[in-house]
Amino acid sequence: MTQPYIYHTYNTTHVYNGLEFEITLQFEEEDLPIEDTFDDAVDNIADLHDKINNGTYVYFCAHMIAYYRDVELANDYLGACLYDSYDQFIEQNDYYADMINNVTDVAFSRLPKIIKSTQASHTNVHTTFWEDADPTFQIKGDYIYAFSNTDTKGMSIADLVTHILTHGETIS
């Protein structure tokens, strides 16, 4: 499959349920012909083509991606977008806010599955408690090495990873 041409990219962050997600919005080439989207009886298709070609309008597919700690977790698409500018889509449009809510909701819901997968595939945990440590964990082979500034003794792997992910610590 050929990757679509990306006209413009916009990056931001969004906090959802206490977690900060990185959001990328790509304005991608729309492969749906404008004639299939708009009615020539209502909109002058030739005029729309002229305005797109001379830069008065932009016609694109909006592709939003949510990441947590550089891990891609969710995508949302909205095709056949016709606006004066990319900024207009972001600033004057409920679709943009809906897309952010969609991808962060899905991304957040996928975190427990990642934790469960981590728990299923790694049976050995080594936890080190340092008062001034930056909480983090590393997966190496069959072991999870967890470092926390909170006493985590007695936590299950899933609880430990959840604790680390939900308290804003870095994962390395």
Equivalent ellipsoid dimensions for the range 6-111 as semi-axes, Å, which come from the Cα gyration tensor, largest first = 30, 12, 11
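Specify whether the C-alpha gyration tensor of the range 33-95 places it in the rounded, prolate or oblate class, a ≥ b ≥ c being the square roots of the eigenvalues: rounded for a/c under 1.5, otherwise prolate if a/b is larger than b/c and oblate if not.
Because a/c hits 1.5 or more and a/b exceeds b/c, the range 33-95 counts as prolate.
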Given labels modelled 7 Å from the Cα in the Cβ direction, how far is it in nm from Glu29 to Tyr10?
-> 2.2
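Read the figures in this text as sums done on the coordinates, not as results from a lab. Only a predicted model underlies this, so the values are computations on that prediction, with no experimental measurement involved. In this analysis, Cβ positions are derived from the backbone assuming ideal geometry, glycine residues included, and neighbour counts consider all displayed protein chains.
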